[in-house]
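S.K.: Starting off with a structure, shown below.
The values are calculated or read from the model by the stated rules, or taken from the named source; none is laboratory data. Quick caveat, the model's predicted, so the values are computed rather than measured. Glycine also receives a Cβ, built like all others from the backbone with ideal geometry; neighbour counts cover every protein chain displayed.
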Amino acid sequence: MDIQSVKVAYFSPTGTSKTVAQAVAQGIGLNNVQQIDITQPGARKQPLKVASNDLLVAAVPVYAGRVPGLLMGWLQSIEADNTPCVCLAVYGNREFDDALLELKETLEKQGCKAVAGAGYIGEHSFSAEDTPIAVSRPDENDLKHARAFGAKIKEKLDSLASADQIPALEVPGNHPYKEMGGGISADFIEVSEACTQCGICEDLCPTNAIDYENDVMVDVDSCIRCCACIKGCPENARSMKASKVKEIAKWLSDNCKEPKQPVNFL
Ligand SMILES: Cc1cc2nc3c(=O)[nH]c(=O)nc-3n(C[C@H](O)[C@H](O)[C@H](O)COP(=O)(O)O)c2cc1C
């Protein structure tokens, strides 16, 4: 297949989905690569149109076994034209459940044709010093794996004359998709005196839930618990207080210790 450009789209509050997507794109090895970072709300207002000679590489973190709900509007506004796509679900060493299937089916409804899919492991958003979960993933081995996966995708694309020849891609997951976890309070962040009100947390927040000039705390109704503000604070002034989210972090730290390995479908 003649691929003219690679569009690498990712939502990545704590950076792991972005790192995996970029490693896969590097392995694909084409020169014309465009990054589409949809982490910030403004970027999700820009619709994406992709052509039949583009390759779309889409990476999302897994939230409660699903594609993060706030992405559905943007994903469902993609205009594709039999465009080959690579679906990447990046998860925090528990499970990716139905997220990869959901991402693939959502993109296919928009006119994409899934050529490959994968689950990769990223440090869990809830990971902290006292509740470590998949710390520093993706690591060098994961990235090597992701680059090799990219090279295999390129080989597969080279072996096909057109998108119509892409065989149906099977990825794990169930219908109906896992119920979205609801009801967990997002009142789980505390801010210490180390806060200098630099405003970096506000810039990092993917839902505009922080307006630091008025209040360094998050608006719990808009917060999606992504932990970008905690992990990105240069003063380490933000942390999880005793809360349901902290209990979940503790459970994950105790029960998801065995490092999982990336899985590829192509
Ligand atoms: C609200 C929320 C729910 C999550 N649910 C899952 C999950 O179901 N399974 C899992 O393994 N990791 C889960 N994670 C962890 C993220 O998928 C993982 O840390 C991912 O690497 C974060 O991607 P990012 O660095 O691109 O933000 C969840 C994280 C958050 C914030």
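S.K.: Specify which of the listed residues (Q40, Q46) is within 17 Å of the chain's Cα centre (by Cα) and more than 25 Å from L160 (Cβ to Cβ).
M.R.: On the way: Q46 fails: within 17 Å of the chain's Cα centre (by Cα).
Sole residue among the options that is within 17 Å of the chain's Cα centre (by Cα) and more than 25 Å from L160 (Cβ to Cβ): Q40.
S.K.: Quick check on the stretch 65-84. Is at least one of its residues within 16 Å of the ligand (Cβ to nearest atom), in contact with a His (Cβ under 9 Å, 6 or more places away or on another chain) and within 21 Å of I248 (Cα to Cα)?
M.R.: Kept after step one, since they are within 16 Å of the ligand (Cβ to nearest atom), are these residues of the stretch 65-84: 65-72, 74-75.
Still in the running and in contact with a His (Cβ under 9 Å, 6 or more places away or on another chain): none.
No: the stretch 65-84 contains no residue that is within 16 Å of the ligand (Cβ to nearest atom), in contact with a His (Cβ under 9 Å, 6 or more places away or on another chain) and within 21 Å of I248 (Cα to Cα).
S.K.: Looking only at the stretch 176-209, which residues are closer than 30 Å to E108 by Cα and free of Cβ contacts under 8 Å to residues at least 24 places away in the same chain?
M.R.: Selection gives P176, E179, G182.
S.K.: Out of all the residues in the stretch 221-244, which are within 17 Å of P68 (Cα to Cα) and β-branched (V, I, T)?
M.R.: Looking only at the stretch 221-244, we keep the residues that are within 17 Å of P68 (Cα to Cα), and these are 221-228.
Within the stretch 221-244, I224 is the sole residue that qualifies.
S.K.: Any residue in the stretch 75-92 that's at pLDDT 95 or above: show its pairings with residues that are in a strand (DSSP E or B) and basic (K, R) at Cβ separation under 8 Å, as long as the two are six or more apart or on different chains.
M.R.: I78/K49; E79/K49; A80/K49; N82/K113; T83/K113; P84/K113; C85/K113
S.K.: Something else now. If I filter the stretch 127-146 down to residues being of a type in the set (S, T, N, Q) and either out of contact with any Ser or Thr (no Cβ under 9 Å at 6 or more places or on another chain) or not in a strand (DSSP E or B) (or both), which single residue comes out as nearest to the ligand (Cβ to nearest atom)? Walk me through how you get there before you give the answer.
M.R.: Looking only at the stretch 127-146, we keep the residues that are of a type in the set (S, T, N, Q), and these are 127, 131, 136, 141.
If we keep only those that are either out of contact with any Ser or Thr (no Cβ under 9 Å at 6 or more places or on another chain) or not in a strand (DSSP E or B) (or both) too, we end up with 127, 136, 141.
On the way: S127: 7, S136: 11, N141: 16 Å.
Out of the qualifying residues, it is S127.
S.K.: Something else about it: Please state which one of D54, D2, D37 is of a type in the set (D, E) and modelled with pLDDT under 95.
M.R.: Values: D54 fails: modelled with pLDDT under 95; D37 fails: modelled with pLDDT under 95.
Going through D54, D2, D37 in turn, just one is of a type in the set (D, E) and modelled with pLDDT under 95: D2.
S.K.: Can you tell me which residue among Q40, Q22, Q35 is surrounded by fewer than 23 Cβ atoms within 10 Å (Cβ to Cβ), without any contact (Cβ under 8 Å) to a residue 60 or more places away in the chain and not in a helix (DSSP H, G or I)? Working first, answer last.
M.R.: Values: Q40 fails: without any contact (Cβ under 8 Å) to a residue 60 or more places away in the chain; Q22 fails: not in a helix (DSSP H, G or I).
None of the other options fit; the residue is Q35.
S.K.: Only one of (1) closer than 27 Å to C256 by Cβ; (2) part of a strand (DSSP E or B); (3) within 13 Å of the ligand (Cβ to nearest atom) is not met by A9, so which one is it?
M.R.: Of the numbered conditions (1) closer than 27 Å to C256 by Cβ; (2) part of a strand (DSSP E or B); (3) within 13 Å of the ligand (Cβ to nearest atom), the odd one out for A9 is (1).
This table checks each residue for (1) aliphatic (A, V, I, L, M); (2) at pLDDT 95 or above.
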residue	(1), (2)
G199	no, no
M217	yes, no
V220	yes, no
V245	yes, yes
P259	no, yes
P262	no, yes
F265	no, yes
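S.K.: To continue, here is another question. For the stretch 54-80, which residues satisfy the criterion of being in a loop (DSSP other than H, G, I, E, B) and surrounded by 15 or more Cβ atoms within 10 Å (Cβ to Cβ)? Spell out the reasoning first.
M.R.: Initially, the stretch 54-80 is screened for residues in a loop (DSSP other than H, G, I, E, B), giving 62, 64-65, 67-68, 76-78, 80.
Correct list: V62, A64, G65, V67, P68, I78, A80.
S.K.: Restricting attention to the stretch 119-145, which residues are aliphatic (A, V, I, L, M) and free of Cβ contacts under 8 Å to residues at least 60 places away in the same chain?
M.R.: Initially, the stretch 119-145 is screened for residues aliphatic (A, V, I, L, M), giving 121, 128, 133-135, 143.
Selection gives V135 alone.
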